[in-house]
Amino acid sequence: MPGSSMLWAQQINDEFVEGEIYVKLKVQKGKKGEKKNSPAVNLNREIPGLQRKVEVAQNKVKEAKQPFYSSKNVGLQNVYRLKLENGKDIDKVVKELKADPDIEYAERVRIRKIIAVPNDTLYNDLWHLKKIKASEAWDVNPGQADVVVAVVDNAIQVTHPDLALNMVAGRDVADNDNDPNPPNNSFSHGTHVAGIVSAVNNNVTGIASAGNNKVKVMPIKATPNSSDPNFIYNGFDGIAWATANNANIISLSWGGPGFSQLEQDVIDDAYNNGILVIAAAGNEDSDEPQYPASYNHVISVAALDSTDQRSYFSSYGTGVDISAPGRFILSTVPTNNYASFSGTSMATPLVASCAGYLLSCFPSLSPDSVEYILKKTADNIDAQNPNYLGQLGSGRINLLKAVSCKDVDLFAEEPVFSPINFFCEGDSVLLSINPIGAETFEWFVDEQLKSTNSAYFGKDEGSWILKRTLGTCSINSDPIQLIYNKTLTPIPELTALDVSYCDLVNTELVATPAGRDAYGPQTFTYNGPVVGFDGYAKSNPYPTVEVSGMGGLIDSVSISITWQKLDGGDVNYCGSPDLGSRPWNDEVSFSILSPEGISIPLLNEGTYAFGTVTSGVVTTVFTTNGAPVTDGSDPVSGNFKAAGDLGQLQNRIAQGTWTLIANDNYLIDPLCVSGFEVIVKTNEPLLPTAVKWYESPESTAAIHNGQTLSVVNNQVGETTYWARAQCDGMCPSEPVKTKVRVRPIPEIFAYSLETLDITIAQAVEIMNAQSLDYSVDNNIYTLFGINSSGQSFSYQVSDEGPMTSPVSLCESNSFVVFGMGCNGTISWSNGESGTGFILEGQNTPLALTATCNQSWDCAPLSNIPFDFIENNTNLTLGGIVPVNLVQDFYGQKIESSQLLEAGVKTKYVAPSSILLQPGFEASNTAIFSAEIGDCAN
């Protein structure tokens with residue numbers, strides 16, 4: 001009850017029926033179930049071997065029953081409920097029986113508590129039916145077939161005047177008779193639940209129900225007359241009886257903590273027989289899982305008040321499937337009376353009644369389809385419950401929307417995406433749906449409206465939802481997660497071209513893709529603190545790892561967990577010594593949550609044996625193909641098959657946050673997780689890495705596809721190109737730059753005569769050379785070529801590179817000017833002829849040109865310029881200073897946006913100001929200086 005607290009742990013006796021256990025014998029191959037009329041068992045005749053096995057553990061069977069005798073499931077028929085003479089040694093008996101190869105499992109019998117909050121009658125109207133729009137739903141579709149909802153509870157007054165006409169035959173499984181009526185008025189809970197399911201409508205008596213007389217109640221009493229009416233002692237016997245007697249839906253308004261394999265087996269049998277099971281999430285005001293609501297194949301129901309806010313007592317959590325009104329719900333009670341109760345006990349039969357009415361309207365629906373429709377048509381209550389997002393199921397049930405949406409069958413189509421939901425920033429994903437009629441469409445990403453068309457190219461990362469509306473029907477699709485692929489293809493290695501005009505050999509740029517090594521397997525490791533888990537509490541957040549840098553979609557995933565189960569202590573006890581007693585390993589469970597929100601169970605609760613002493617620290621690796629963890633075994637290190645299908649993660653997204661969900665379902669013996677790793681292998685591409693070429697880094701239109709780009713070299717100057725590489729499963733690389741420099745013929749340089757380390761005779765030989773070039777090694781520049789006599793020469797001329805145009809004059813410098821690359825004579829605009837000449841300072845022209853006289857393969861070049869600049873000029877400088885060259889500038893004012901390449905040496909001197917404009921850049925090996933002063937200094 002809200003406001004009260006109870007320690008739910010295996011050490012507390014009132015969680016279990018004192019001295020009683022379930023034992024399931026293995027079914028013999030080919031054996032068929034025997035038809036029985038009673039759960040009674042003759043110990044000596046029917047199970048003498050089981051009696052002897054209990055005696056081995058120094059105990060004795062006092063009483064035995066076959067509680068599921070009526071089941072059509074042979075496995076459940078083989079379950080025995082034993083009452084032992086010595087209840088104190090019950091764990092010893094369970095251990096001995098679990099070790100027997102003829103026994104599938106043995107476990108203690110759990111007590112389940114009624115989940116209700118009794119209260120005085122405060123309201124005499126049925127606000128909950130108005131909230132879910134029940135009467136409007138009846139107008140849309142009046143229903144067809146009768147649907148039977150089994151109410152398994154403490155007792156049901158089948159003669160209540162507001163229930164009797166909607167009753168079918170039931171059973172008292174607790175006292176083994178056909179009378180499910182309460183022995184006294186304290187057994188009121190089941191009658192209240194039954195009234196919510198199917199009080200008779202239009203009988204001028206009392207209340208009404210959502211089932212509108214199409215839903216009938218199968219009353220099943222599961223509490224003995226002599227027992228506490230607040231507890232359910234035989235609830236799963238009742239579920240089995242309802243299954244055997246063809247119920248359509250089973251409503252369970254009771255529960256408690258702790259997993260039981262027997263209970264899950266009973267639920268599975270109901271599901272496999274086409275029955276929908278609905279159970280109360282609990283009144284614990286916490287996210288601690290309650291059972292049976294938390295079993296597989298059960299719809300878990302939370303409770304709301306009249307404003308759609310979570311009722312203060314209601315349990316919540318990611319295991320909740322749907323919510324419904326559960327506060328001050330007026331219904332039937334014994335004897336022939338009415339009262340208002342509150343609790344998830346009241347919300348649950350309301351959902352069961354709605355499910356029954358929906359099935360009446362559409363009798364061919366499967367249980368899974370009924371659940372799907374109820375969830376899809378639930379009203380969003382996030383705004384009313386901002387602190388419980390994702391923890392109250394799909395929303396508040398709406399019967400009108402469920403019936404009307406199935407009437408128009410908006411469920412016939414679901415939105416799809418193409419090509420995949422894993423895309424590169426700047427790309428888009430086509431989100432679309434096939435319209436089935438005149439419905440309207442609204443595409444939302446993270447609650448922001450993006451489009452009202454049936455198809456839309458989504459470019460935003462996030463959770464996309466399509467809302468469709470047709471008449472009174474309005475449904476939201478399941479979220480579609482669009483996620484940016486943040487793994488970039490490694491940049492390719494590019495060649496550059498530095499060629500002379502119309503070079504016939506060097507005409508291609510080459511991009512060589514980098515190695516493709518981002519497909520794994522790669523291991524990503526949790527680096528946080530040890531996390532303790534105990535009784536569904538934890539000392540720190542769930543362990544997470546970030547997977548990044550992986551190309552492609554998932555091929556395989558393995559999960560490694562390093563952990564230990566201690567005896568004694570709480571969530572903060574990890575790191576302390578084990579107390580040396582029983583570690584209760586069977587409380588442990590693990591699951592993995594992928595970046596897309598896909599949850600895969602790795603180890604189910606109840607798999608391991610509870611053990612005798614701690615197994616110590618173990619490292620368990622869960623894979624797709626390992627051997628299953630043997631039921632009832634002790635924890636050991638090794639590779640094991642995950643309880644769920646890790647194959648579901650194939651071709652899904654690898655990068656992002658992976659979360660280990662660990663649980664330990666009882667107190668005072670923590671699970672300690674000290675290590676967590678995700679090992680990922682992604683699909684390697686079948687195709688080679690693609691390369692595309694662009695004119696600029698911002699360009700989206702490629703000028704060429706392929707690793708080789710043919711370029712034009714009959715235009716003097718420098719052209720920049722950009723290339724991107726892309727592997728399958730990765731995004732394009734960052735654009736990488738290369739360039740083609742086409743040098744003129746001749747290419748003109750100058751040296752200040754004062755800087756040359758050669759003789760006049762050597763200078764004359766250079767000036768008269770037939771061909772000329774230069775090289776640099778360890779910052780020593782060498783001019784070499786063929787002299788006028790046809791002999792080769794080579795002179796180390798300077799520790800600085802030659803000057804390129806323009807050259808700034810200061811006082812009366814003298815220069816050696818020469819041209820390179822010409823296969824003939826050079827004609828200079830000042831009348832000189834030859835490879836080069838010496839300019840005296842006073843005779844220096846401000847503009848000089850040269851023309852190479854040779855045979856040309858392309859259009860001839862002429863008047864190649866080389867400029868000198870007077871020092872009293874305001875200078876605006878731009879362009880590129882090529883590798884290893886020298887430029888010094890003197891001017892009254894200097895503004896520059898030059899690009900200084902590697903090895904360039906440049907100095908700016910001005911008496912007034914020097915301004916470096918946007919675009920100015922000096923490579924990390926360039927030497928640049930700027931001084932305010934006179935050029936002579």
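Are any residues in region 247-258 at pLDDT 95 or above and part of a loop (DSSP other than H, G, I, E, B), and if so, which ones? Working first, answer last.
If we filter region 247-258 for residues that are at pLDDT 95 or above, which is where we start, we get 247-254.
Across region 247-258, the qualifying residues are Ala247, Asn248, Ser253.
Against the definition (free of Cβ contacts under 8 Å to residues at least 60 places away in the same chain, crowded, with 20+ Cβ neighbours inside 10 Å and either farther than 30 Å from Phe423 by Cα or charged (D, E, K, R) (or both)), how does Asn585 come out, yes or no? Let's see the steps before the verdict.
Numbers: free of Cβ contacts under 8 Å to residues at least 60 places away in the same chain: yes; crowded, with 20+ Cβ neighbours inside 10 Å: yes; either farther than 30 Å from Phe423 by Cα or charged (D, E, K, R) (or both): yes.
Answer is yes for this residue.
So how many residues does region 550-606 have that are assigned to a loop (DSSP other than H, G, I, E, B), of a type outside the set (Gly, Ala, Ser) and closer than 21 Å to Asn296 by Cβ? Let's see the steps before the verdict.
Going residue by residue through region 550-606, those that are assigned to a loop (DSSP other than H, G, I, E, B) are 550-553, 566-573, 575, 577-584, 594-598, 604-606.
Subset that is of a type outside the set (Gly, Ala, Ser): 550, 553, 566-567, 570-573, 577-579, 582-584, 595-596, 598, 604-605.
From what is left, the residues that are closer than 21 Å to Asn296 by Cβ are 598, 604-605.
Residues flagged as assigned to a loop (DSSP other than H, G, I, E, B), of a type outside the set (Gly, Ala, Ser) and closer than 21 Å to Asn296 by Cβ within region 550-606 amount to 3.
Just one of (1) surrounded by fewer than 19 Cβ atoms within 10 Å (Cβ to Cβ); (2) closer than 30 Å to Ala926 by Cα; (3) touching a strand residue (DSSP E or B) at 6+ places or on another chain (Cβ under 8 Å) trips up Val807, so point out which.
(1)
So that you can scan it fast, the table gives a plain yes or no per residue for (1) buried (at least 22 other Cβ atoms within 10 Å of the Cβ); (2) modelled with pLDDT under 95:
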residue	(1), (2)
Lys95	no, yes
Lys98	no, yes
Ala116	yes, yes
Tyr123	no, yes
Gly143	yes, yes
Val147	yes, no
Ala164	no, no
Asn178	no, no
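May I ask you to list the residues in region 223-256 that are more than 38 Å from the chain's Cα centre (by Cα), hydrophobic (A, V, I, L, M, F, W, C) and within 27 Å of Ser323 (Cβ to Cβ)?
Those that are more than 38 Å from the chain's Cα centre (by Cα), hydrophobic (A, V, I, L, M, F, W, C) and within 27 Å of Ser323 (Cβ to Cβ): Phe231, Ile232, Ala242, Ala247.
If the requirement is being at positive phi and either in contact with a helix residue (DSSP H, G or I) (Cβ under 7 Å, 6 or more places away or on another chain) or of a type outside the set (S, T, N, Q) (or both), which of these qualifies: Gly717, Gly647, Gly675?
Gly717
I'd like the full set of residues that are free of Cβ contacts under 8 Å to residues at least 60 places away in the same chain and more than 17 Å from Leu504 (Cβ to Cβ), limited to region 703-723.
Answer for region 703-723, where residues must be free of Cβ contacts under 8 Å to residues at least 60 places away in the same chain and more than 17 Å from Leu504 (Cβ to Cβ): Ile703, His704, Asn705, Gly706, Gly717, Thr719, Thr720, Trp722.
Quick check on region 347-366. Is at least one of its residues at pLDDT below 95 and part of a strand (DSSP E or B)?
No.
Residues that are assigned to a loop (DSSP other than H, G, I, E, B), of a type in the set (D, E, K, R) and either closer than 20 Å to Pro289 by Cβ or not assigned by TED's automatic domain parsing to the domain that holds Asn663 (or both): does region 320-332 have at least one?
Quick first cut of region 320-332, residues assigned to a loop (DSSP other than H, G, I, E, B) only: 320-321, 326-328.
Still in the list and also of a type in the set (D, E, K, R): 321, 327.
Next, only the ones that are either closer than 20 Å to Pro289 by Cβ or not assigned by TED's automatic domain parsing to the domain that holds Asn663 (or both) stay: 321, 327.
Yes: region 320-332 contains one or more residues that are assigned to a loop (DSSP other than H, G, I, E, B), of a type in the set (D, E, K, R) and either closer than 20 Å to Pro289 by Cβ or not assigned by TED's automatic domain parsing to the domain that holds Asn663 (or both).
Can you tell me which residues in region 259-271 are assigned to a helix (DSSP H, G or I) and touching a residue at least 60 places away in the same chain (Cβ under 8 Å)?
Matches in region 259-271: Gln261, Leu262, Glu263, Asp265, Val266, Asp269, Tyr271.
Filter region 354-376 down to residues that are under 13 Å from Asn398 (Cα atoms) and either among the charged types (D, E, K, R) or outside the structural domain of Gly393 (by TED's automatic domain parsing) (or both), then give me how many there are.
Residues meeting the conditions: 3.
If we only count strands (runs of 3 or more DSSP E) wholly inside region 411-497, which ones have 2 or more residues that are touching a Gly at 6+ places or on another chain (Cβ under 9 Å)?
Qualifying strands (runs of 3 or more DSSP E): 429-432, 440-445, 448-451, 462-470, 480-484.
Using beta carbons and a limit of 6 Å, which pairs, at least six apart or on different chains, have the first residue in region 159-182 and more than 22 Å from Gly211 (Cα to Cα) and the second one among the small types (Gly, Ala, Ser) and part of a helix (DSSP H, G or I)?
Pairs that qualify, where the first residue is more than 22 Å from Gly211 (Cα to Cα) and the partner is among the small types (Gly, Ala, Ser) and part of a helix (DSSP H, G or I), are Val173/Gly238.
Give me the pairs: first residue in region 282-309 and surrounded by fewer than 22 Cβ atoms within 10 Å (Cβ to Cβ), second residue charged (D, E, K, R), beta-carbon distance under 6 Å, and six or more apart or on different chains, which are they?
That search, which allows pairs on different chains as well, returns Asp305/Arg327; Asp308/Arg396.
State the number of residues belonging to region 438-456 that are on the phi > 0 side of the Ramachandran plot and either surrounded by 12 or more Cβ atoms within 10 Å (Cβ to Cβ) or in contact (Cβ under 8 Å) with a residue 12 or more places away in the chain (or both). If you could, list the steps in order and put the result at the bottom.
Initial filter on region 438-456 (on the phi > 0 side of the Ramachandran plot): 446-447.
If we keep only those that are either surrounded by 12 or more Cβ atoms within 10 Å (Cβ to Cβ) or in contact (Cβ under 8 Å) with a residue 12 or more places away in the chain (or both) as well, we get 446.
Total satisfying the criteria: 1.
Give region 826-840 a look and list any residue that's surrounded by 14 or more Cβ atoms within 10 Å (Cβ to Cβ) and over 10 Å from Ile745 (Cβ atoms), or say none.
Our first condition is that a residue be surrounded by 14 or more Cβ atoms within 10 Å (Cβ to Cβ); within region 826-840, this holds for 826-830, 832, 834-839.
Hits for region 826-840 are Ser827, Trp828, Ser829, Asn830, Glu832, Gly834, Thr835, Gly836, Phe837, Ile838, Leu839.
Considering region 294-316 alone, what residues qualify as being out of contact with any helix residue (DSSP H, G or I) (no Cβ under 8 Å at 6 or more places or on another chain), within 25 Å of Leu365 (Cβ to Cβ) and assigned to a loop (DSSP other than H, G, I, E, B)?
Once the filter is applied, which keeps residues that are out of contact with any helix residue (DSSP H, G or I) (no Cβ under 8 Å at 6 or more places or on another chain), within 25 Å of Leu365 (Cβ to Cβ) and assigned to a loop (DSSP other than H, G, I, E, B), region 294-316 yields only Ser294.
Search region 841-878 for residues being aliphatic (A, V, I, L, M), more than 60 Å from the chain's Cα centre (by Cα) and not in a loop (DSSP other than H, G, I, E, B), and hand back the single one that is surrounded by the most Cβ atoms within 10 Å (Cβ to Cβ). Walk me through it before giving the result.
The first filter runs over region 841-878 and keeps only residues aliphatic (A, V, I, L, M), leaving 846-848, 850, 859, 861, 864, 869, 875, 877.
Going one step further and asking which of them are more than 60 Å from the chain's Cα centre (by Cα), we end up with 846-848, 850, 859, 861, 864, 869.
Going one step further and asking which of them are not in a loop (DSSP other than H, G, I, E, B), we end up with 847-848, 850, 864, 869.
On the way: Ala847: 12, Leu848: 22, Ala850: 28, Ile864: 23, Ile869: 18.
Checked region 841-878; the qualifying residue surrounded by the most Cβ atoms within 10 Å (Cβ to Cβ) is Ala850.
With the requirement that a residue be surrounded by fewer than 19 Cβ atoms within 10 Å (Cβ to Cβ) and in a strand (DSSP E or B), what does region 703-725 give you?
Passing the criteria: His704, Asn705, Thr708, Ser710, Gly717, Glu718, Thr719, Thr720.
Just checking, which of Gln762, Gln796 is assigned to a helix (DSSP H, G or I) and over 25 Å from Leu899 (Cβ atoms)? Break it down stepwise before answering.
Numbers: Gln796 fails: assigned to a helix (DSSP H, G or I).
None of the other options fit; the residue is Gln762.
Suppose we keep only residues that are within 19 Å of the chain's Cα centre (by Cα), within 29 Å of Asn585 (Cα to Cα) and not hydrophobic (A, V, I, L, M, F, W, C) within region 547-569. Which one would you say is surrounded by the fewest Cβ atoms within 10 Å (Cβ to Cβ)?
Once the filter is applied, the top-ranked residue is Ser556.
What pairs can you find where one residue is in region 507-529 and part of a loop (DSSP other than H, G, I, E, B), the other is among the basic types (Lys, Arg), and their Cβ atoms are less than 9 Å apart, with a gap of 6+ or different chains?
Tyr519/Lys681; Gly520/Lys681; Pro521/Lys681
Going through region 613-653 one residue at a time, which ones are of a type in the set (Val, Ile, Thr) and in contact (Cβ under 8 Å) with a residue 24 or more places away in the chain?
As a first pass, look at region 613-653 and keep what is of a type in the set (Val, Ile, Thr): 613-614, 617-621, 623-624, 629-630, 636, 653.
Within region 613-653, Val613, Thr614, Val617, Val618, Thr619, Thr620, Val621, Thr623, Thr624, Val629, Ile653 meet the criteria.
Going by the conditions given, is Gly211 in a loop (DSSP other than H, G, I, E, B) and either modelled with pLDDT under 95 or crowded, with 24+ Cβ neighbours inside 10 Å (or both)? Explain how you work it out, then say what you get.
Details: in a loop (DSSP other than H, G, I, E, B): yes; either modelled with pLDDT under 95 or crowded, with 24+ Cβ neighbours inside 10 Å (or both): yes.
Against the criterion (in a loop (DSSP other than H, G, I, E, B) and either modelled with pLDDT under 95 or crowded, with 24+ Cβ neighbours inside 10 Å (or both)), Gly211 qualifies.
Between residues in region 590-612 that are without any contact (Cβ under 8 Å) to a residue 12 or more places away in the chain and on the phi > 0 side of the Ramachandran plot and residues that are among the polar types (S, T, N, Q) and surrounded by fewer than 21 Cβ atoms within 10 Å (Cβ to Cβ), which pairs lie under 9 Å by C-beta distance while being six or more apart or on different chains?
If the second residue must be among the polar types (S, T, N, Q) and surrounded by fewer than 21 Cβ atoms within 10 Å (Cβ to Cβ), no pairs are left.
What's the total number of residues in region 623-642 that are over 13 Å from Pro601 (Cα atoms) and touching a Leu at 6+ places or on another chain (Cβ under 6 Å)?
0
The values are calculated or read from the model by the stated rules, or taken from the named source; none is laboratory data. Note that the structure is a prediction, hence the values are computed from the model and not measured. In this analysis, Cβ positions are derived from the backbone assuming ideal geometry, glycine residues included, and neighbour counts consider all displayed protein chains.
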